[in-house]
Amino acid sequence: MDTTGAGALVKALEDVGCEVIFGMPGGAILPAYDPLFESKIRHVLVRHEQGAGHAAQGYAQTTGRVGVCMATSGPGATNLVTPLADAYMDSVPIVAITGQVARSVIGTDAFQEADIRSITLPITKHSFQVHDPADIPRVIAEAFALAVSGRPGPVLVDLPKDVLATATTYTPPKLVLPSRPVVPPVQVRNAAQLIGSSKRPVFYVGGGVIRSGAAPELLKLAEKTGIPVVTTLMARGAFPDSHRLHLGMPGMHGTVPAVAALQRADLLIALGTRFDDRVTGLLPEFAPHAAVVHADIDPAEISKNRKADVGIVGDCRDVIAALSAVLTRRTDLTAWWSYLDGLRATYPLGYDWPADGALAPQYVIERISTLAGPESVYTAGVGQHQMWAAQYVKYERPGSFINSGGAGTMGFAVPAAMGAQVGAPDRTVWAIDGDGCFQMTNQELATCAAEGIPVKVAIINNGNLGMVRQWQTLFYDGRYSNTGLGTHQRHPDFVKLADALGCVGLRCDSRSEVDGTILEAMAVRDRPVVVDFVVGQDAQVWPMVAAGTGNDEIMAARGIRPLFDEVE
Amino acid sequence: MTRHSLSLLLRNEPGALARIVVLFSSRGVDVSSLSLAPDGSGALSRLDVVVDLQPGRTPEQLVKQLGRIVDVKSVVDRTHDEALELGA
């Protein structure tokens, strides 16, 4: 007996390469915090466990490594539920370590008891509860391997307090990563045949391309074939925005050429993507003329929402390399490109300035992108600002845009930025946030201030729950039920709040001050900065495919339906 | 609704059955009957289950989703085996 369960936990985490934990101590997890005190692992003490979970997600997505968060039993553990659900939806590799009440009182409604293993069943890849301290190193290694292998995702390890406190002998864990599935050559040949004979193909690229590190291979394959590329919300940055083959983001708020490319295609080459409803719109009307090649590491995704003509189970990096190897002939796509280029010229992304002289939110985001550049990391919450961040920031590299795609978790931006900054200390990290989202998780700015994590937050403050308000404008006759937040009346005053949290607080409400304010924020290196960009409340996100309609009904702006009119 | 008989081998771990049942519940699968029994050595359990699927949901999809569960060692769709046994 050379250690305790807690000692074994910390040693195992060190041995599997964990360098930072985002967490908060409490009764049941307390034994683990004692050996952590002298560990080489950095612990970032958050202000709310949800912040720890999202920070682990941000860290994982900037580094490509497993993010780790830690919480105590009961409410500490349940506060991790939202980040776990988020990580499950967006396939982010995180390991959550939770304390649990002692084995002898599990199931007795003990103080701070919650059955977190059961609570998280549908939102984790797997969850462990360890009953023998000798098992802890093996379980930690298994949890890390599970989180990153196959389709990445969250894993929970629940540790009863007495297991942490019991003496044990440490056995160094072996981190065994399962080998990647062999890409079936027959399917690759079938896919290549479809690609070779298609006249209107499109690469429909999802977040799996980023998770698998396949962006360089994708660039080669696209350039070799000349096939247009669209990148979903989760794949922004998987293909450079500046590239002529890139048509932008498809989906509910995608570009007209990207949506048209899917709708008019005769072949979708879907890579690491899951035909999410925000991309497909009304499923029966999605890409009606297209055959489908669907490659994904998760066999359960293939033919889930749209039947694949050729399904390839494999890691995107391997699949793309295999396709590259067999695709020799470049097909003539002149007519296809001339159609798409026409749309690109006629329907570029654009916005109007508010008639009342208020600041245009899109302009603010465009200027942050220009001044901070593609080497920065951008995070977003959920809503209008998120869509504008997806549209108006120009992404050139994978891992540069971190947001909550599948789950749509408001409040994601600030803690994710904190984790991203810890993972990438030399990069500028901008959280593009909404005034609603910001009020859900801004307490982590106190963490950032105390820990020297100099994130920058741009609050796109339109005074409302903007996306909900937009739907009320469009679909509820402008009846604005419970969407006004009072943030334009300074409830709260974000500059004062920033100051109180130990950050620099700035405010900007006019076009002429935007660049100067962004540069002023960028000049601050020793503290977090919060900029309150006061923008007009009536700006809307366009283009838009209204929920429950087909993609052909995409509106470039209110009442303008380029694809629908084309069919008429 | 379409009816399917599935047969699974599970690791005999705490919570293994819960994982299966929760998957049925979260994916909108109706359970018609369910039987769990030890299989051989005791390290595995055999779960036989008859489920009803909503229109548009395929048994192949369900089998793959069950296959993602760490405690599931194998899943077989026995719908047609049973039909044969019954001489249908």
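The values are calculated or read from the model by the stated rules, or taken from the named source; none is laboratory data. For clarity, every value in this text was computed on a predicted model and none was experimentally measured. Cβ coordinates were reconstructed from backbone atoms using ideal geometry, including for glycine residues, and neighbour counts include every protein chain displayed. Ligands, DNA and RNA are excluded from the accessible area calculation, which covers all protein heavy atoms including side chains. Shrake-Rupley method; radii C 1.70, N 1.55, O 1.52, S 1.80 Å.
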Run through the DSSP bridge list for the protein assembly as shown and note the antiparallel percent, rounded to the nearest 5. 30 percent
Treating the angle as unsigned and between 0 and 90°, give the value, to the nearest 10°, between the Cα long axis of helix A:215-225 and the longest Cα principal axis of chain A. 20 degrees
Residues with amide H under 5 Å of A:Tyr170's amide H, sequence separation 5 or more or different chain, H placed in the peptide plane at 1.01 Å from N; which? A:Asp2, A:Thr3
Which sequence of A:Lys220, A:Lys304, A:Lys394, A:Lys40 reflects their accessible areas, 1.4 Å probe, from the largest down? A:Lys40, A:Lys220, A:Lys394, A:Lys304
Distance between Cα centroids, region A:321-343 to region A:32-109: provide it in whole Å. 45 Å
Just counting partner chain Cβ atoms within 10 Å, what average do the residues of peptide B:58-70 show around their Cβ? 4
Per residue, accessible area of region B:2-85 with a 1.4 Å probe, heavy atoms of protein chains only, in Å², comes to 52 Å²
So how much accessible surface do B and A hide from each other in total, probe 1.4 Å, in square angstrom to the nearest 100? 1100 Å²
Expressed as a whole number of Å, what is the distance separating the alpha-carbon centroids of region A:528-568 and region A:1-27? 48 Å
Classified through the alpha carbon gyration tensor (a ≥ b ≥ c as square roots of its eigenvalues; rounded if a/c is under 1.5, else prolate when a/b is larger than b/c, else oblate), chain B comes out oblate
Net +/- balance of residues flanking A:Glu217 in space, Cβ distance below 10 Å, scoring K and R +1, D and E -1: +1
Under 5 Å between amide hydrogens, which residues at least 5 positions from A:Ile312 or on another chain qualify, with H placed 1.01 Å from N in the peptide plane? A:His294, A:Ala295, A:Asp296
Can you give the percent of C-alpha pairs in chain A whose distance is more than 31 Å? 49 percent
Complex-versus-alone comparison for region A:112-134, residues with a loss of 40 Å² or more in accessible area, probe 1.4 Å: A:Arg117, A:Leu121, A:His126
By accessible area with a 1.4 Å probe, ligands and nucleic acids excluded, highest first: order of A:Trp430, A:Trp353, A:Trp337: A:Trp353, A:Trp337, A:Trp430
Under 14 Å from the Cα of A:Lys496 - aspartates and glutamates, other chains or at least 8 residues apart: A:Asp532
Selection of chymotrypsin sites (Phe, Trp or Tyr not before Pro), region A:27-73, meeting DSSP coil and at most 15 other Cβ within 10 Å: A:Phe37
Could you give each residue of region A:307-313 its phi-based ³J(HN,Hα) in whole Hz, using Karplus coefficients 6.51, -1.76, 1.60 with θ = phi - 60°, and x for Gly or Pro? 5, 8, 6, 10, x, 10, 8
Karplus-derived 3J(HN,Hα) from phi for region A:454-471 (6.51 cos²θ - 1.76 cosθ + 1.60, θ = phi - 60°), whole Hz, x at Gly and Pro, runs x, 5, 10, 10, 9, 7, 8, 8, 9, x, 9, 6, x, 5, 5, 4, 4, 5
Could you tell me which of the pairs A:Lys394/A:Lys456; A:Lys11/B:Lys73; A:Lys304/B:Lys64; A:Lys224/A:Lys304 are separated by over 20 angstrom between their Cα atoms in the structure shown? A:Lys11/B:Lys73; A:Lys224/A:Lys304
With a/c under 1.5 counting as rounded, go ahead and sort region A:25-175 into rounded, prolate or oblate using the C-alpha gyration tensor (a ≥ b ≥ c being the square roots of the eigenvalues; past the cut-off, prolate if a/b is larger than b/c, else oblate). rounded
From the square roots a ≥ b ≥ c of the eigenvalues of the alpha-carbon gyration tensor of region A:383-539, which class results: rounded (a/c under 1.5), prolate (a/b over b/c), or oblate? prolate
For A:Ala8, net neighbour charge (Lys/Arg +1, Asp/Glu -1) across residues whose Cβ lies under 13 Å away: -4
Working from Cα positions, state the angle (0 to 90°, nearest 10) between the long axis of helix A:334-346 and the longest principal axis of chain A. 80 degrees
I'd like the orientation of helix A:514-523 relative to chain A: the angle between its Cα long axis and the longest Cα principal axis, in ° from 0 to 90, rounded to 10. 30 degrees
If the cut-off is a Cα-Cα distance under 13 Å, which aspartates and glutamates reach A:Lys125, setting aside same-chain residues fewer than 8 apart in sequence? A:Asp86, A:Asp90, A:Glu142, A:Asp298, B:Asp71
Over chain A: helical MRE at 222 nm, DSSP H runs n ≥ 4 each giving -39500 (n - 2.57), nearest 500: -10500 deg cm²/dmol
How large, in percent, is the carbon and sulfur part of the accessible surface of the protein assembly as shown at a probe radius of 1.4 Å? 53 percent
